[in-house]
There are 2 protein chains.
Amino acid sequence: MLSPELLRDLRELLPNDRLYSDPTDCYAYAYDNSRKIFPPDAVAFPITADEVQAITLLCNKYKTPLTPRGRGTGTAGGCLPEHGGIELSLERMLQIITIDPANRVIVAEPGVLNQSVQDAAHPHGFFWPPDPSSAMYCSIGGNIATSAGGPHAVKYGTTRDHVLGLKAVTGSGKVIKTGCYTSKGVVGYDLTRLLIGSEGTLAIITEATLKLTALPQATGGVTAYFYDTASCATAIIAIMALPQIPSAVEFLDKGSLNLIRGRFPDMLPPDADAMLMIEVDGSLRDITETTTSVISACQNNGLLNAEQTGDTATLWKTRKALSPLLRDIAPKKINEDIVVPVNSLPDFLKELAQLCDNYQITNVNFGHAGNGNIHVNLLIDPDDEDESRRAYQCLDNIFDLVIQFNGTLSGEHGIGREKRSYITKEIDSATLNLMKDIKKIFDPNNILNPGKLFP
Amino acid sequence: MLSPELLRDLRELLPNDRLYSDPTDCYAYAYDNSRKIFPPDAVAFPITADEVQAITLLCNKYKTPLTPRGRGTGTAGGCLPEHGGIELSLERMLQIITIDPANRVIVAEPGVLNQSVQDAAHPHGFFWPPDPSSAMYCSIGGNIATSAGGPHAVKYGTTRDHVLGLKAVTGSGKVIKTGCYTSKGVVGYDLTRLLIGSEGTLAIITEATLKLTALPQATGGVTAYFYDTASCATAIIAIMALPQIPSAVEFLDKGSLNLIRGRFPDMLPPDADAMLMIEVDGSLRDITETTTSVISACQNNGLLNAEQTGDTATLWKTRKALSPLLRDIAPKKINEDIVVPVNSLPDFLKELAQLCDNYQITNVNFGHAGNGNIHVNLLIDPDDEDESRRAYQCLDNIFDLVIQFNGTLSGEHGIGREKRSYITKEIDSATLNLMKDIKKIFDPNNILNPGKLFP
């Protein structure tokens, strides 16, 4: 329960329409895409960095949890107010402060949607590369908190590669400024990247200086179908060995293809058990050349068909067909985003299939194969307790397998609350303790998103 | 003076040829390219991470400064044992542990030369983009400690963009492992980039997982001469507004050109007061197209001549001619590496000239103009006290000017000891205190490179 004094102080700070405390109002801020539900005691909507600081100082004064929230599209539960307290919704900090095409920079507040950044950059011939599937409605604050990626990360990297500097309020309420405005800078410790991916546990981002990239002249693509997963994985390695990195290398496995066939019986070749969608970008001539190389890299005994797609919409058609089907099964799946070295994909996918067989768990795997980043979805009937138990045992084994292959537990979703009990599989205790000590410096009272990221 | 007990313990740990304590032997480790001299009391040459840890623990036990050193090519005095103690030379940790072209990764020990990484990567069609001018003889450990850049940073970024993970020993002697082996990963805080650029004040790097980049198919270039600096700066902006970023945009000012003319009277057009060397890379067709665009971007009233260069050697001829001349005047210059937003270059260079005029200081400016990263060299006669005083006043004003233009004090050299008294011009006290607190976590006894980076 919230202290009445804190609520009183918050009411002095914020007008009524920017402070919710009615449980009905608060409920909309109780969940994210992890589908877990933790209602906050109140939701605050700051519109300035000063307000963010004042709220943080109050939460420190009253030792009340404060959980920053972008647009709630995360899948790891990072923005859930697990211990109640104040949910800090940054969604009304919506100002694009600077559009500076000459220096390839946009400065924006955390609530600005990823799509709004793209819209602001596009007329000047630029884009901001991070492209999570929620780009239309997720915020850059959330992108920064998780170092969000997406299909184009294989060529362009993730959020941490595209932020020059930040303004933020630490867990203890101190206003800090990190990084710089220029494309180079090495003055002091790199706090910018320490905050990127810290999932709202260290500081609340109030302003971000984003580095823009020139739009490619054109895009093209290749669709390739394979008789089996192993041949597809072999093709992924061959594609990633090309000097020209494609702008996306997306993989759909048999489970994904079957899900699509259930709704669209004629969309896919009946013999295909795995599929790649490869996007290339650059000049028209680059595209022609790279497309030829990609099709050639796809050639192996298991290739059913690889051909150039007429346009990007055609290329992404299958992936887009999969999305709503995945949403339909969403409450019944465990959704992970593990990464293994690209060269290990054939062995990893084989052993993954074996594990799921052993535990009798249906699975659907797809994702950003060019990075070795696979979304492993274990489908479960929530009413079947035994299946649930088997699925979580299977998941535990999958994570062990990922670590054996020198991979990582999360490529873009983060740890949040969903994966924190597994983090010690990847991070040794000395390193984890150092991270905890850093958390204490930024947030000595453990106010900010308490309990997240750490086991 | 070193405690005899520490020296005894070190002798038990290391054979004689890996522990110097004779002042004559130690003297070679007393300086770097900042030209300041601080002899260490002893120099230790570990060859394993265990030895690095053992030495660090001993220095903690005896509260003795420990200063990590790559190959001493830094210009900011970052590796100088200012307070005596042990100089930790990593130059014998020379193993390339893994060459994994399929995953575009090289794993190497800190003493491996930048050039050795290039040599190992090249046969597989890759390179490692950081390219300081000392690439032939500087180590990757030093590159990582400073987030080294170079001419190609304009297209490829600096060291922090090309390291996936690290192993390190913290100042308190804890062995940590940061980052991952894959091209994507967001598990825990980004300690990799916290260490990159921390100038040996937080931890000693014992192993680095480097991300490789495919070699360009070909390179080409443009040499452009201008009647005046302002026109040249305008051309830089136009070049950097092109969608295709050149692989280098190097600038030489009037002072640089005159220095070259002193030695090579016929190398340069007599009317030129500023010069650009623009390198482009990609496919042969890209090069043809981009070269045309670059030459077109150079067109303005102040252009004397812009033309394609036959080969890379011709392109870099002038820059290479400048290097030994700069070395000749080295003891008599203050060498900085400030950065301003590219769009501010015309105004900045104008005001810089005005400042140097006011203080009657001769200056030579050149550098990585595509990043707005200018090496400002103030030439002084070390025997002229008044000139020295004026030069340092001028420098103080230059740094203020850089900050006014939303720039940064260092693009690639770092703070070390040379610039620490200026760091508060750029970093506010709350942010700086947070950095100091982070230092305390990694290095509670302030053993590791004490006094560096902070004012």
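The values are calculated or read from the model by the stated rules, or taken from the named source; none is laboratory data. Predicted model only: the values in this text are computed from it and were never measured. Note that each Cβ is placed from the backbone with ideal geometry, even for glycine, and that neighbours are counted across all protein chains shown. Please note that ligands, DNA and RNA were not included when accessible areas were found on the heavy atoms of the full protein model with its side chains. Shrake-Rupley method; radii C 1.70, N 1.55, O 1.52, S 1.80 Å.
Relative to the other copies, what are the label-point distances for B:Lys36, with labels 7 Å from Cα along the C-beta vector, expressed in nm at one decimal and sorted shortest first?
Copy-to-copy label distances at B:Lys36, shortest first: 5.0 nm.
Work out which residues of the range A:79-108 lose at minimum 50 square angstrom of accessible surface when the other protein chains are put back, relative to the chain isolated, with a 1.4 angstrom probe, and list them by number.
Relative to the lone chain, where solvent access is computed with a 1.4 Å probe, the range A:79-108 loses at least 50 Å² at A:Ala102, A:Asn103, A:Arg104.
Over the protein assembly as shown, with a single point scatterer placed on each C-alpha, what log10 of the ratio I(q)/I(0) does the Debye formula yield at q = 0.04, 0.06, 0.08 1/Å?
One equal scatterer on each Cα of the protein assembly as shown leads to -0.18, -0.42, -0.75.
Just to confirm, what accessible area per residue do you get for the range A:1-143 at 1.4 Å probe, in whole Å²?
In whole numbers, the range A:1-143 has 41 Å² accessible per residue.
If you take the square roots of the eigenvalues of the alpha-carbon gyration tensor of the range B:323-404 and sort them as a ≥ b ≥ c, do you get rounded (a/c under 1.5), prolate (a/b over b/c) or oblate? Numbers along the way, then the final one.
On the way: a/c = 2.39, a/b = 1.35, b/c = 1.76.
In terms of gyration-tensor shape, oblate.
Axis carrying A onto B: which residue of A has the nearest Cβ, and how far, whole Å?
Spelled out as residue then distance in Å, it is A:Arg193, 2.
Please report the buried accessible area for the interface of B with A, total over both chains, probe 1.4 Å, in Å² to the nearest 100. Present the calculation step by step, with values, prior to reporting the outcome.
Values: alone 19710 and 19740 Å², together 33090 Å².
Rounded to the nearest hundred, the buried surface is 6400 Å².
Between the range B:243-289 and the range B:406-455, what's the alpha-carbon centroid distance in Å?
35 Å
Taking Cα atoms of the range B:218-317, Rg/Rh with Kirkwood Rh, to two decimals? Write down the numbers at each step before the final one.
Details: Rg = 12.9 Å, Rh = 13.4 Å.
Rg divided by Rh gives 0.96.
Given label points at 7 Å from Cα along Cα→Cβ, what nm distances, shortest first, separate B:Asp357 from the same residue in every other copy?
Counterpart label points of B:Asp357 in the remaining copies fall at 8.1 nm.
In square angstrom, what is the accessible area per residue of the range B:165-265 with a 1.4 angstrom probe?
Here the per-residue accessible area is 27 Å².
Considering the alpha-carbon set of the range A:195-236 alone, what are its Rg and its Dmax in angstrom?
19.8, 50
Quick check for you: with a 1.4 Å probe and neighbouring chains kept, what is the accessible area per residue of the range B:323-404, in Å²? Don't skip to the end; give the middle numbers.
Details: 3360 Å² over 82 residues.
Here the residues of the range B:323-404 average 41 Å² of exposed surface.
Just which residues of the range B:413-431 lose 50 Å² or more accessible area with every protein chain there, against their chain alone, with the probe set to 1.4 Å?
The answer is B:Thr431 - residues whose exposure falls by at least 50 Å² when every protein chain is included.
Explain nothing, just the number: dipole magnitude of the range A:381-447 about its Cα centre with +1 on each Lys and Arg Cβ and -1 on each Asp and Glu Cβ, in debye rounded to the nearest 20.
Charge dipole, the range A:381-447, about its Cα centre: 560 debye, nearest 20.
With the Cα gyration tensor of the range A:191-267 giving a ≥ b ≥ c as the square roots of its eigenvalues, does the rule (a/c under 1.5 for rounded; else a/b larger than b/c for prolate; else oblate) give rounded, prolate or oblate? Walk me through the numbers before you get to the answer.
On the way: a/c = 2.34, a/b = 1.78, b/c = 1.32.
Because a/c hits 1.5 or more and a/b exceeds b/c, the range A:191-267 counts as prolate.
Can you list the distances in nanometres, one decimal and ascending, from the B:Tyr137 label point to the identical position in each other copy, with the point 7 Å along Cα to Cβ?
Here B:Tyr137 shows inter-copy label distances of 6.1 nm.
Sorted from largest down, what three extents in whole angstroms do the Cα atoms of chain B have along their principal axes?
70, 58, 42
Per-residue ellipticity at 222 nm for the protein assembly as shown, helices alone: DSSP H runs ≥ 4 residues times -39500 (n - 2.57), over residue total, nearest 500 deg cm²/dmol?
-10500 deg cm²/dmol
Using a cut-off of 13 Å between beta-carbons, work out the net charge of the residues near A:Pro246 (Lys and Arg +1, Asp and Glu -1, A:Pro246 not included). Could the numbers behind the result be given before it?
Numbers: positive: A:Lys155; negative: A:Glu250, A:Glu279, A:Asp281, A:Asp286, A:Glu289.
Charge balance near A:Pro246 sits at -4.
Would you kindly derive the ³J(HN,Hα) couplings of the range A:374-391 from the backbone phi angles with the Karplus curve 6.51 cos²θ - 1.76 cosθ + 1.60 (θ = phi - 60°), listing them in order in whole Hz, with x for Gly and Pro?
10, 7, 8, 10, 9, 8, 9, 8, x, 7, 9, 4, 5, 5, 4, 4, 4, 4
Compute, for the protein assembly as shown, the length of the dipole vector about the Cα centre, with Cβ point charges of +1 (Lys, Arg) and -1 (Asp, Glu) only. Units Debye, rounded to 20. Write out the running numbers ahead of the final one.
On the way: 80 positive and 106 negative charges, 195 e Å.
In total the dipole reaches around 940 debye.
Mind listing, in residue-number order, the residues in the range A:212-234 that have at least 20 Å² less accessible area with every protein chain present than in their own chain alone (1.4 Å probe)?
At a threshold of 20 Å² (probe 1.4 Å), the residues of the range A:212-234 that become less exposed are A:Ala214, A:Gln217.
In the protein assembly as shown, carbon and sulfur make up what percent of the accessible area (probe 1.4 Å)?
Values: 16650 of 33090 Å².
Carbon with sulfur: 50 percent of the solvent-accessible area.
With just the Cα atoms defining each centre, how far is the range B:163-182 from the range A:177-212? Give it in Å.
21 Å
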